[in-house]
Structures are given as structure tokens and as C-alpha cells.
2 protein chains.
Amino acid sequence: MSFREDGHAAVEWAADYLERVGELPVLAQVKPGDIRSRLPASPPEQGEPFSAVLRDLDEILLPGTTHWQHPRFFAYFSVSSAEPGILAELLAATLNSVGFLWRTAPASTELELLVCDWVAQLLGLPQSWHGHIEDTASTSTLAALIAARHNTGRNVVVASEHAHSAAEKDARMLGMEFRPVPTDAEFRLRPDALELGDVAVVVATVGTTSVASVDPVSAIADRCAAAGTWLHVDAAYAGSAMVCPELRWAFDGVERADSLVVNAHKWMFTPMDCSLLWTSRPDEFRDAFSLVPEFLRTTDEGAFNLSEYGPALGRRFRSLKLWAILRCYGREGLQARIREAIRLAELFEGWVRDEPGWELCAPRHFSLVCFRREGPDEENEALLERVNASGEIFISHTRLNGRYVLRLAIGNERTTEDDVRRAWDLLRHTAVK
Amino acid sequence: MSFREDGHAAVEWAADYLERVGELPVLAQVKPGDIRSRLPASPPEQGEPFSAVLRDLDEILLPGTTHWQHPRFFAYFSVSSAEPGILAELLAATLNSVGFLWRTAPASTELELLVCDWVAQLLGLPQSWHGHIEDTASTSTLAALIAARHNTGRNVVVASEHAHSAAEKDARMLGMEFRPVPTDAEFRLRPDALELGDVAVVVATVGTTSVASVDPVSAIADRCAAAGTWLHVDAAYAGSAMVCPELRWAFDGVERADSLVVNAHKWMFTPMDCSLLWTSRPDEFRDAFSLVPEFLRTTDEGAFNLSEYGPALGRRFRSLKLWAILRCYGREGLQARIREAIRLAELFEGWVRDEPGWELCAPRHFSLVCFRREGPDEENEALLERVNASGEIFISHTRLNGRYVLRLAIGNERTTEDDVRRAWDLLRHTAVK
């Protein structure tokens, strides 16, 4: 292949894709097995040109793609893979730095520490914290649970019933006991329900997955401090919004956490995967994770090996894409995008509130609206299936107080007021059919 | 920014880099803190053009980069990030598919299953196995340990003293007991030393990190079967070599494993990160990892959610780069590259064998040569530091039978006979200084 020629073709494909993604059906209109049945069952004997890969991506894989970059992707948490980050992934794959030791990737190691400090400044976090990057919040929370168990010698994980399922799954993987605690009327963990005598770690959430509710971190921190319990804060989605000072109320008490996760690939416009994990107790992390066999011993004085602070040994150059985005957007660019997403969510919330036959199901925080059509769950479920099947929008659901609830999340940087209006029109028209 | 224009500039940078990487010092010639001190302590307020990122990558980060793509990178296991894979990472970041459910990424989910089947065919693995992709072997082995504990109800992990440190680290993270077992004169796990009554899992290694020794998997499988112990095989490095039928002896018995890890980012020319994990017991994996909260419930009949088979919920489109490489290289292309690396390692081995004052320290398997200068450890350690400081080559070390041993690993697809000759000349000339 000619890397230069094929590379330019790939860039053209990517640029065309980003220009037209809004015209494609956002939810893939295929059935399980459709894509695979169109691909050969065995690998080729001889190599093929890269143009064949690009052609099959276009003709076979694209129809089976749910478009996360689509401006009317409103499901789960809507995200963006921003252009500087996309190009940085090309550059990171070109360098292929593997950062298990400082020596094997000095620039990657030092840039990772630097961008974590940069983001800490942007979000108003303590400057003394140590940050590094994991793949996903599942892993970041897993690491926090491991450090907490190692440090406290206890084996119980506590989180609200609205915490992300990763907390329970991580606990199960580690052989730890998971105890859910009830929430209040606004879906926030009730600190008075905490009994922490034998608890290793409380996972408090700023921006829960179902409703973006905000646990009272400060009150939880009081309880944890009294009981010698580790406090891990999961702000995977909402953490990025703290770049806006007017939203910092949600981080009240976070400065007292032992560890904190914010996913840059959620609302900091970074391509998957890039989960930032800070800790105020780096020595405890190092105690839990450092294991240096002979083949990794080096004589680099003052070197700092990031593999000693988390589960994986091999680490790719994830900081490059986040650095590119922070450079190209700046604090103001991040703020503008987050404020616009919230403005659009407020608009949608207002339309629902004002429309007879519809109801809001939870206080709106950030850019997520939880709502439903008045009436039985089955009608809401059918409504969701119908609007998603249209390919016009993609929304998801949850269950609150036993009821089936629709979720519309805004976070893609290409989403406009027209897109949100189109979603609302589609929902209303489909509901009355 | 103009994505198209900036994208073409990024491709030009990448193409130029790959052309000149062999002329750069392979090991970064910087001290800890050097790179960070050249970067601003705070993020910018306003956005900057992408060209500024590219400039700083070139001027500030590159001098702090240890060049894994360099043809004279002979340390650890030498790897390649091949061109089709690099471009596929650009495309994957453009799509930004997040594959936690089939519905959120049908093409990514089905392609991941397909490429795992393709590689299973290439390596001669049972066609009934279920494969998926994790980030690194640390995570793949972690997942296997979790499945093994879940399935056996036991809490002990056994591996040879030459197994990768990830096995011990994973066990520690999970709160499992790690028991190393001794090896024979050729650094292979001794099946007669296995006592498996209370053992959840044995981690057998095909291609150990220090010396690429091959544990006798078949005999270990006999012991595991008798004791009801899970058998996990770590072939992170050497597994890719099984694409060559003449090397399949090393996989004897692997078909009886419960799980197997092969890192495509090690010797299958794939950019970091891409660790393939197969299991003959997918139901046990699903039992251990499946946890489907309300917000992830879907009605897609026949859908297959890969997040139910491993630790992480969020999953990026890792299969795309491996698919691109398998397409563009084909079986023959992979075989040719692996055979050439082994041929070069054999050459180097012969030079060491024939040279007075030097000794080979272990049987050579695959493309790794373990050797030393006759004499004290300190002289070998000083020799390693001096050749690495030259920027000409990068080698690493281990300790065998208590002695300091040099390792020269070949795996970069750009490495030529001239590069290996240059390494040998440099080692000999530096040793006599």
C-alpha cells in the first residue's frame, strides 16, 4: 500500500462522513447477524489493497452502524468525537507509544500527567491530586474499589440504587459485597441511610446514568470520614460540565473524595476511550497496584511509571487526543459547547412541560431530560420503539419509581435547535398515531 | 479548524514520520520532567489551530518519544503498528462506535466476533471458541481469573515463576492468592510441581516474557482436568506465530484450555491496544460478567452484547484495525513477516554463539534471543546502559538463574538484516571499550 495515498483517501472518507452523518439513519436499521452474513467467513490468503477495506467499510459496515456522531443521537449519554481528537488518534497510532514505564514513553507519561492537571484546573479540583487515564469508567471505578479494599481491609461497596451498574459489576468481579442504598424523591443517595461500619468504599454519583441526579457528596464525605471509609465519586458524565462555574454546585464536597472519575469521552468531546481518574491518595494507589518484576526495573532517577497506579501494564497514548481537544477548544470552547447542550435540554424540557398529555419525570440536571407520555408503560415503550425505528432520532429509556420513562440526552456538538425540535415533533406526532 | 485540511496535514506528518523514524534516536534522550517543563502549566483559554498541536508534537513531544516503530527497537517485545491499522484507528475514531450493546454498535459487535474467528482459523484454534477483544493482556487475564473463580468457587492462582507479572498483579487485585511454581532447566513450568486441590486457575504461558519459553500445556491440561481447575493460556506474544504451521508445536494442548489470550498488538502488527481473549466456555464468562440494568435492556431478538463477556461496559471499535491488517496482509503476509523476524533472530543467535566471550542464556524460541557477555552482571548492565544511551538501539534485560541477561527481541516489520547487524556490531564494540 501507499500510506500517503491511502491516508489521504481515509481522511477524505472521514471528512465526507462527518459532513453527511446527519442524513443517515441514526439507529442502524439491521437485524442481528445481518452484517456478519455479508462478510467472508475466512480471512484472505493474500493481502488486498486498503481501498478494499474502505469500500467494505462504506458498503457493508456503515449500514450496520449506529451513528454516535449523529446530531440526533439522544440515547444514553450523547457524546462527540471531536475533530482534533480524531486526528490525534491517527497520530497516536502512528507513534504507537506503549507507556508501561516512563522510559518506554516519556512524552506519553508526562503529557498524561499534564492533561490530568489541566482538566483538574478546568473543573476546579484540588491541584494536589494525582490523575491518570484508564479506558472506561468501569475500569476507573474498579481501580478505586481495589485501592479502597487494599487500604481499608474491608470488603463492602455501597452506592445508591441509581449508581451506574459498573459499581455493582466491579464489586462482583472483585468478590466484594455490593449494598445498594435507597434514594430520596429526587433520586439522590440518602446519607442518613448509610451504615458504614464494615464498608470499604462508598461510590457517590454526580450525574447518575438514569436521571443525572446528584448525590449530596459533602454529607456523604462527612459519613465516610467518620467511618474511615473510602469515598469514590463517579462523575463520568457530569464532571466535564464543571468547566462552567455556574454548575460547580454539583461538585460541592468532591474535594474531600479519595478518588474521582470523569470520562473525557463522555462530555469532553474526546473519542472513546479516555476515562480520567484522580486520587488524593496516590501512595495508596501505588501500594495497591505496584508490582515491578525484574524485566521492568530501570535506573531512571525520578521516573514515574503510570502502570504502577492502575490495573493494566500496557497503556496507549490516550492523552494525545485530549490534549489536542483542550488546545483546539480552550476553556471557552468547552464552556460554550456545554452551555449550548444545556440550553437545548432546557428548551426541550419546556416543550414537554407545556404540552398536555406529557410529563416530566425528574428534575432536569445538565443536558438530560426524563419524560413520558401520560398513560401506560406499554404505550411509552411502543413509542420509543417506533421513533427509534424511524431512523430519525435515537432515544433510550429507564425506569423511575417503577414507571417506564423516556430519556433524551444532548451532548453531541453538532446538535442544533432544529434537531431537538425535530425530535419533539416526531415524538408528538408518533404518540398520537 | 478545517478537518479536511488538518487531516491531510496529519497524514503527511505521519507518512514523513514513518519514513524517517529509523534515523531518530530509538530511546528518548531526555530526563524525567524534561518534556513537561517545556509545556504550559495551564490549558489555553481560547482555542488554537490544529497546526499548533502538530507543531508542538514535532518540536516538544517527539524528542521525548521512545520510538516503538523504530526498526532497531529490540526491547521487551518489539512490535509494529502497521499502516492499515493506523488508518483504521482514524476511521474508528471518526465513527466513535461505543459497543456496549449490539444495538449501539451492530457492525462493531459483529466484526469483533468475526475477526476473532478469523484469527482462530489462522492460528489453528478450535472453531467453536468464543472470542472478543480487551485492551491488554493484563485485562484479558484478569477476566479469565474472574471467570475461573466464579466457576470453581476457589481462590488460588498458579503460574510459573516466569509467567508475566500480570498474573500475580491480577490475582492481587482480585484478592486471590498467587502461588508461583518452579520451572525446569529450560524455564518451563514443571507439571509435576502442580498441586491443584484448592486451585481455581493455572496460567500457562506460551512464550514467557523473559525468555519466550513454552510451558507444556498438554501435561498441564491433564492436571487441570483431573483437579477441576480452569486452564488459562497466556500466549500474548507468541500466539501470533502460530499462523506458521511449523511453529504449531508450541500450541500443543492449547485446544484443551478454558481461555486463551493473544495480543494482536504484540506480533500481529496491530496498533495498541488489541488483546484477543477466547474461551471454550462462553456461558461461564457470561455468568461471571453479565449484569443488565434497566437502561441497557433492549428488545433486539438474537442480539449479542459483548459487554456481558468482560469487565468493561464501554467498548471502542478495536476490531476495525485488526480487520484492516488481516485484509491488507492476508495469511501469507503475516507468515512472511513472522518468518523473517525469526530468521533475523536466528542470525543474531548464531553470531553470539560463534563469538568468543559471549554466551547464549536460554534456548531461542521465536524471535527473542537471551544472551550476555561472559563476566560479571555489572559489566552487562553497564553495557546495556551504554548501548541504549547511544540512541542506536534499544534492548532490555531480565534475570535468569540469578544472572543479569540481555534480551534482543525482533518484531518490528521494518527491521532488516542490516539493523540486526548494526546492533551486534554496536554491542561488540561497546563491550570491548
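The values are calculated or read from the model by the stated rules, or taken from the named source; none is laboratory data. Bear in mind that the values here come from a model prediction, so they are computed numbers and not experimental data. Don't worry about glycine lacking a Cβ; one is built from the backbone with ideal geometry, like all the others, and counts go over all protein chains shown. These accessible areas exclude ligands, DNA and RNA; they are computed on the full protein's heavy atoms, side chains included. Shrake-Rupley method; radii C 1.70, N 1.55, O 1.52, S 1.80 Å.
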Checklist line | Carbon + sulfur, % of accessible area of the protein assembly as shown - ligands and nucleic acids excluded, 1.4 Å | finding: 47 percent
Notebook entry, point to check: Starting at 0 and stepping by 10 Å, how many percent of the alpha carbon pairs of the range A:109-253 end up in each bin?
Noted result: 12, 42, 37, 9, 0
Note to self: Give the A-B buried accessible area in Å², both sides summed, 1.4 Å probe, nearest 100.
What the structure shows: 12700 Å²
Item checked: Shielding by other protein chains, B:5-18, mean Cβ within 10 Å -> 6
Next item on the list: Count the DSSP beta bridges whose two residues both fall in the protein assembly as shown, then state the antiparallel fraction as a percent rounded to the nearest 5.
Entry: 60 percent
Checklist line | For B:33-43, mean number of other protein chain Cβ atoms within 10 Å | finding: 6
Check: What does the charge dipole of the range B:300-350 about its Cα centre add up to, to the nearest 20 debye, if the Cβ of each Lys and Arg holds +1 and the Cβ of each Asp and Glu holds -1?
Finding: 240 debye
Next item on the list: Would you calculate the separation in nanometres between label points at A:Asp300 and A:Glu19, each defined as 7 Å from the Cα along the Cα-to-beta-carbon direction?
Entry: 4.3 nm
Item checked: Shortest-first distances to equivalent copies, position A:Ala41, nm, label 7 Å out along Cβ -> 6.4
Next item on the list: Can you check how the C-alpha radius of gyration of the range A:28-177 compares to 2.2 N^0.38 Å, as a plain ratio?
Entry: 1.42
Check: Span-like helices, chain A: DSSP H, alpha-carbon axial extent 27 Å or more, mean Kyte-Doolittle -1.0 or greater, which ones?
Finding: A:319-354
Item checked: Dipole moment magnitude, nearest 20 debye, the range A:283-426 about Cα centre, only Lys, Arg, Asp, Glu C-beta charged -> 400 debye
Check: Across the residues of B:303-315, average count of Cβ atoms on other protein chains within 10 Å?
Finding: 5
Note to self: Give me the one-decimal Kirkwood hydrodynamic radius in Å for the range B:286-433, with the sum taken over alpha-carbon pairs.
What the structure shows: 19.0 Å
Note to self: At 1.4 Å probe radius, can you tell me the per residue accessible area of the range A:136-189 in Å²?
What the structure shows: 31 Å²
Notebook entry, point to check: In nm, one decimal, shortest first: how far is the label point of B:Asp354 (7 Å from Cα along Cα to beta carbon) from the matching points in the other copies?
Noted result: 8.8
Check: Between B:Arg343 and B:Arg399, what is the FRET efficiency for a Förster distance of 35 Å, r being their Cβ-Cβ separation, to the nearest 0.05?
Finding: 0.80
Note to self: Can you work out which chain B residue has the shortest Cβ-to-axis distance for the rotation that carries B onto A, and give it in Å?
What the structure shows: B:Leu90, 2
Notebook entry, point to check: For chain A, modelled as a Gaussian network with Cα springs under 10 Å, which listed residue fluctuates most, A:Pro245, A:Pro32, A:Pro43?
Noted result: A:Pro43
Notebook entry, point to check: What percent do you get for the relative contact order of chain A when only Cα pairs under 8 Å and 6+ apart count?
Noted result: 22 percent
Note to self: How far, in nm to one decimal, is B:Gly302 from itself in the other copies if the label point is set 7 angstrom along Cα toward Cβ? Shortest first, please.
What the structure shows: 6.2
Notebook entry, point to check: Out of A:Asn305, A:Asn412, A:Asn96, any idea which swings most in a Gaussian network model of chain A, alpha carbons joined below 10 Å?
Noted result: A:Asn96
Checklist line | Unpaired by the 4.7 Å Cβ criterion, cysteines found in chain A | finding: A:Cys116, A:Cys224, A:Cys244, A:Cys274, A:Cys328
Notebook entry, point to check: Computed FRET efficiency, Cβ-Cβ of B:Glu381 and A:Arg55, R0 51 Å: what is it to the nearest 0.05?
Noted result: 0.45
Notebook entry, point to check: So how do A:50-62, B:158-170 stack up, highest first, on mean other-Cβ count within 10 Å?
Noted result: B:158-170, A:50-62
Check: Can you give the three extents of the C-alpha atoms in the range A:143-202 along their principal axes, from longest to shortest, in whole Å?
Finding: 34, 23, 15
Note to self: Using a Förster radius of 22 Å, what is the FRET efficiency between A:Glu332 and A:Gln127 based on their Cβ-Cβ separation? Nearest 0.05, please.
What the structure shows: 0.55
